[in-house]
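Undergrad: Dumping the structure here so I can ask a few things about it.
The values are calculated or read from the model by the stated rules, or taken from the named source; none is laboratory data. Note that the coordinates shown come from a computational prediction; the quantities given were computed from them, not determined experimentally. With ideal geometry, Cβ positions are generated from the backbone for all residues, glycine too; neighbour counts draw on all protein chains shown. Keep in mind that these areas ignore ligands, DNA and RNA; they rest on the heavy atoms of the full protein, side chains included. Shrake-Rupley method; radii C 1.70, N 1.55, O 1.52, S 1.80 Å.
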Number of protein chains: 2
Amino acid sequence: MPINRRDAMKGVALGAAAVAANPAAAAPAGGKIVHHVFFWLKNPGSTADRDALIAGVRGLGKVEVVRRLEVGVPASTEQRDVVDSSFHVSEMLVFDNVADQKTYQDHPVHKDFIAKCEHLWGKVVVYDMVTV
Amino acid sequence: MPINRRDAMKGVALGAAAVAANPAAAAPAGGKIVHHVFFWLKNPGSTADRDALIAGVRGLGKVEVVRRLEVGVPASTEQRDVVDSSFHVSEMLVFDNVADQKTYQDHPVHKDFIAKCEHLWGKVVVYDMVTV
């Protein structure tokens, strides 16, 4: 039986309370999810590897729950102590809610991207924020 | 004398080549800048401190070169090894180009935010990407 939206949102809110490792993370449900991923290449000097990863990331836009997709490389902004410009490729995706992010995570297009591209990166760091 | 846009873009491209510490960072000029900042509170358990920082970040939207501003807290997405959900507040700003990001960096509204809010955070990490 399909659940209604109010019940679904309650589920998200309970989920947030249950899984948040961070005491400051008691976010109101219903915000957008900004999913930011930073990749460090296994072969940092390889433009071919970088471009293959960028092309792979671009393909993630085919997943229907992705509301916005940006792919980039470190910007030539001022080098300050607090700026980490050591990554090689970055992607920023926006989803309407946590459920859509989960749909993306398990989507065949995403799994195919990982299978085809994970040999390219040596390290990956993900930050997920819910907008308030 | 005002420089024309083509010369300005050349300047950005040369700047990118000159300052990039990262060999993979030879980005084409002209992309948007996605400026993502993660804050760790000095008092992680303080909802008042968190809310004061969120309010401060919201005020950054008054800077005229800010094309998009999102502020958030860790999302209740799945906890995986690669996900860093230890931060407390995050902001994501989009600028049209590196020059606009620099204008923002030096803007009185931004400097005022730092002066009023920097006592709230113990650590800050910034990632700047240029979209490709």
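Undergrad: Look at B:Ala17 and say whether it is open to solvent by 70 Å² or more (accessible area, probe 1.4 Å) and either at pLDDT below 50 or more than 30 Å from A:Gly45 (Cα to Cα) (or both). Working first, answer last.
TA: Details: open to solvent by 70 Å² or more (accessible area, probe 1.4 Å): yes; either at pLDDT below 50 or more than 30 Å from A:Gly45 (Cα to Cα) (or both): yes.
Answer is yes for this residue.
Undergrad: Would you point out which residue out of A:Val130, A:Val98, A:Val126, A:Val65 is touching an Asp or Glu at 6+ places or on another chain (Cβ under 6 Å) and under 20 Å from B:Ala75 (Cβ atoms)? It would help to see each step written out before you state the result.
TA: Numbers: A:Val130 fails: touching an Asp or Glu at 6+ places or on another chain (Cβ under 6 Å); A:Val98 fails: touching an Asp or Glu at 6+ places or on another chain (Cβ under 6 Å); A:Val126 fails: touching an Asp or Glu at 6+ places or on another chain (Cβ under 6 Å).
Just a single option satisfies the conditions, and that option is A:Val65.
Undergrad: It is to be established whether one or more residues within the stretch A:28-36 are assigned to a loop (DSSP other than H, G, I, E, B), at pLDDT 95 or above, more than 7 Å from chain B (Cβ to nearest Cβ) and out of contact with any strand residue (DSSP E or B) (no Cβ under 6 Å at 6 or more places or on another chain).
TA: No, the stretch A:28-36 contains no residue that is assigned to a loop (DSSP other than H, G, I, E, B), at pLDDT 95 or above, more than 7 Å from chain B (Cβ to nearest Cβ) and out of contact with any strand residue (DSSP E or B) (no Cβ under 6 Å at 6 or more places or on another chain).
Undergrad: Name the single residue that is farthest from A:Asp106 (Cα to Cα) among those in the stretch B:57-113 being at the interface with chain A (Cβ under 10 Å from one of its Cβ atoms) and among the basic types (Lys, Arg).
TA: B:Lys102
Undergrad: Test A:Gln79 against the criterion of being among the polar types (S, T, N, Q) and closer than 18 Å to B:Arg80 by Cβ, and give yes or no.
TA: no
The rows are residues; the columns are (1) closer than 25 Å to A:Val126 by Cα; (2) surrounded by 14 or more Cβ atoms within 10 Å (Cβ to Cβ).
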{"residue": "B:Gly59", "(1), (2)": "no, yes"}
{"residue": "B:Val65", "(1), (2)": "no, yes"}
{"residue": "B:Gly72", "(1), (2)": "yes, yes"}
{"residue": "B:Asp81", "(1), (2)": "yes, no"}
{"residue": "B:Met92", "(1), (2)": "yes, yes"}
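Undergrad: Looking only at residues that are open to solvent by less than 30 Å² (accessible area, probe 1.4 Å) and among the aromatic types (Phe, Trp, Tyr) in the stretch B:100-132, which one is nearest to B:Ala52 (Cα to Cα)?
TA: B:Phe113
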